[in-house]
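Chemist: Here it is: the structure, laid out below.
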Amino acid sequence: MPEKVIIIGSGPAAWTAAIYAARAELKPLVLQGNPDDDRNRQNGTLPLGQLALTTEVENFPSWPTGDTRQYLKTSLQPEDMPYWVEKDKPAPTHGINGPELMALMRQQAKNFGTRIESKDVVEVDLQKHPFTLTLHDGTTLETLTLIIATGARANYLGLPSEDKYKNYGVSACAVCDGALPRFRNKPLAVVGAGDSASEEANFLTKFGSKVYMIVRRGEMRASKIMAERAKNNPKIEIKWNSVVEEVLGEEKAGVTGIRIKNLLGGPDETLAVTGMFCAIGHTPNVGFLDGQVKLNEGGYVLWTTVSRTYTSVDGVFAAGDVADDYYRQAVSAAGTGCMAALDAERWLGHHNLL
Ligand code: NDP
């Protein structure tokens, strides 16, 4: 018997889709990814997704500041409890952090009967119905509808020193991390010259004492209005024709600076920053689709109908960052996860497959 709905992914879109699909009694199966594959660790595609790699989440509604330990203890199963909950650690002042938020979302999906497997999908056959998925262990599954919620991974420069300080001053999301205490009133750096970099640099001037933009060419890629906004902001200094060669830091303090190289032969410089934000684009996790679902020009899954999660394949839906090159927020991903589950349920009803 094929599954009614399989959800691939493990972020806010996947778990919200699972909560809705489970409550619609579709008995969803979530393929949350293989935790033992190092490529998933590097790509941010481990179970619980990109948010599991972050610290405080201050912009997901309903989690104001406070000590959430008691709540976590009464909501999560013991095996999913973050290690610090049981330890004698100072009470957190934040409301929720990324791993906690994701563990709670998964728990909520489980509570309504979602089944979960820690498997990677390596191949799909969407040409015939039911759809067939091949997993990394060679097993296959059939499903009547499919929700793709595999997310997108932020691009980083790929420097070993950068990897070392991820979450300790190196970030790829100013909106998520910019307001953290470590960045307040300190010089910061943004790498990139697109709309994201311009927007993030402007945003970070609210918190940092100064923001450097590290631009590898002599011009910006950003739209004129966004580029002008960055150029005219007195707190932003643009380092043209420059690339980051090394992230400098200390074990306890995290990032303390970056060393940049001038590509036109000028002298190397060290900038004393406490944060480096990469805004050099994202890569959606679509490899396993092997071209069977239409993508937009940026490589993201294309929604073929406005305000619907429909893809180019009837019965296949997409939610979250894998289909969103614009907002990329946890709460917007959760919203489209809900939409995808409702779309799948209606599709099954329309085809008398409920
Ligand atoms: P883009 O692909 O537009 O820009 C990426 C930037 O990163 C480019 O300036 C690129 O340099 C630079 N870059 C890439 N790799 C490296 C590297 N290894 N080292 C240094 N620099 C590097 O991505 P964005 O995320 O900025 O934007 C994606 C899409 O989202 C765009 O369509 C954008 O318009 C849209 N967007 C719109 C916003 C708005 O309208 N408010 C806000 C944010 C995004 P180079 O220019 O030399 O190639």
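Chemist: So which residues in region 197-218 are within 7 Å of the ligand (Cβ to nearest atom) and assigned to a helix (DSSP H, G or I), if there are any at all?
Modeler: Selection gives Ala197, Glu199.
Chemist: Let me ask something else about it. For region 219-241, which residues satisfy the criterion of being part of a helix (DSSP H, G or I) and either away from the ligand (no atom under 12 Å from the Cβ) or not hydrophobic (A, V, I, L, M, F, W, C) (or both)?
Modeler: Lys224, Glu228, Arg229, Lys231, Asn232
Chemist: While we're on this one: Please state which one of Ala340, Ala344, Ala333, Ala319 is of a type in the set (A, V, I, L, M), over 12 Å from Ile148 (Cβ atoms), touching a helix residue (DSSP H, G or I) at 6+ places or on another chain (Cβ under 7 Å) and crowded, with 20+ Cβ neighbours inside 10 Å.
Modeler: Of Ala340, Ala344, Ala333, Ala319, the one residue that is of a type in the set (A, V, I, L, M), over 12 Å from Ile148 (Cβ atoms), touching a helix residue (DSSP H, G or I) at 6+ places or on another chain (Cβ under 7 Å) and crowded, with 20+ Cβ neighbours inside 10 Å is Ala333.
Chemist: I need a count of the residues in region 166-196 that are over 18 Å from the mean Cα position of the chain (by Cα), away from the ligand (no atom under 11 Å from the Cβ) and of a type outside the set (A, V, I, L, M).
Modeler: Count: 7.
Chemist: Can you tell which of Gly49, Gly113, Gly66 is small (Gly, Ala, Ser), in contact with a Ser or Thr (Cβ under 6 Å, 6 or more places away or on another chain) and open to solvent by less than 50 Å² (accessible area, probe 1.4 Å)?
Modeler: When all the criteria are applied, what remains is Gly49.
Each row is one residue, and each column tells you yes or no for (1) in contact with a helix residue (DSSP H, G or I) (Cβ under 9 Å, 6 or more places away or on another chain); (2) open to solvent by 30 Å² or more (accessible area, probe 1.4 Å); (3) free of Cβ contacts under 8 Å to residues at least 60 places away in the same chain.
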{"residue": "Tyr20", "(1), (2), (3)": "yes, yes, no"}
{"residue": "Glu56", "(1), (2), (3)": "yes, yes, no"}
{"residue": "Phe60", "(1), (2), (3)": "yes, yes, no"}
{"residue": "Glu79", "(1), (2), (3)": "no, yes, yes"}
{"residue": "Glu86", "(1), (2), (3)": "yes, yes, yes"}
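Chemist: Another question about this same structure. Determine whether Gln70 is of a type outside the set (D, E, K, R) and without any contact (Cβ under 8 Å) to a residue 12 or more places away in the chain.
Modeler: So Gln70 fits the description; yes.
Chemist: Please determine whether any residue of region 274-283 is crowded, with 20+ Cβ neighbours inside 10 Å, more than 16 Å from the ligand (Cβ to nearest atom) and either of a type outside the set (S, T, N, Q) or not assigned by TED's automatic domain parsing to the domain that holds Ala189 (or both).
Modeler: Quick first cut of region 274-283, residues crowded, with 20+ Cβ neighbours inside 10 Å only: 274-279, 282.
The next check asks that each one be more than 16 Å from the ligand (Cβ to nearest atom); those that pass are 274-275.
Narrowing the set further to residues that are either of a type outside the set (S, T, N, Q) or not assigned by TED's automatic domain parsing to the domain that holds Ala189 (or both) leaves 275.
Yes, that holds for at least one residue.
Chemist: Moving on to the next point. Given (1) closer than 17 Å to Ala318 by Cα; (2) open to solvent by 30 Å² or more (accessible area, probe 1.4 Å), where does Thr16 come up short, assuming only one miss?
Modeler: It fails just one condition, (2).
Chemist: Moving to a separate point now. If you take just the helices (runs of 4 or more DSSP H) that sit entirely in region 22-107, which of them hold at least 2 residues that are within 24 Å of Asp137 (Cα to Cα) and out of contact with any Pro (no Cβ under 9 Å at 6 or more places or on another chain)?
Modeler: Of the helices (runs of 4 or more DSSP H) lying wholly inside region 22-107, those with at least 2 residues that are within 24 Å of Asp137 (Cα to Cα) and out of contact with any Pro (no Cβ under 9 Å at 6 or more places or on another chain) span 38-43.
Chemist: Another question, then. Quick test for you: out of Val331, Val306, Val322, pick the one residue that is of a type outside the set (Lys, Arg) and assigned to a loop (DSSP other than H, G, I, E, B).
Modeler: When all the criteria are applied, what remains is Val306.
Chemist: Is it the case, given these coordinates, that Val244 is β-branched (Val, Ile, Thr), more than 13 Å from the ligand (Cβ to nearest atom) and open to solvent by less than 20 Å² (accessible area, probe 1.4 Å)?
Modeler: Taking the combined requirement at face value, the residue does not satisfy it.
Chemist: Still on this structure: Out of the residues in region 129-155 that are under 23 Å from His282 (Cα atoms) and either among the polar types (S, T, N, Q) or modelled with pLDDT under 95 (or both), state the one that is least open to solvent (accessible area, probe 1.4 Å).
Modeler: For region 129-155, the residue satisfying everything is Ala152.
Chemist: Being free of Cβ contacts under 8 Å to residues at least 40 places away in the same chain and over 26 Å from Gly158 (Cα atoms): is that true of Thr114 here?
Modeler: So Thr114 fails the test.
The values are calculated or read from the model by the stated rules, or taken from the named source; none is laboratory data. Remember, it's a predicted structure, so these values are computed and weren't measured experimentally. Cβ sites come from the backbone with ideal geometry, for glycine too, and all protein chains shown count toward neighbours. Ligands, DNA and RNA are stripped out before the accessible areas are found, and what is left, the full protein with its side chains, is counted by its heavy atoms. Shrake-Rupley method; radii C 1.70, N 1.55, O 1.52, S 1.80 Å.
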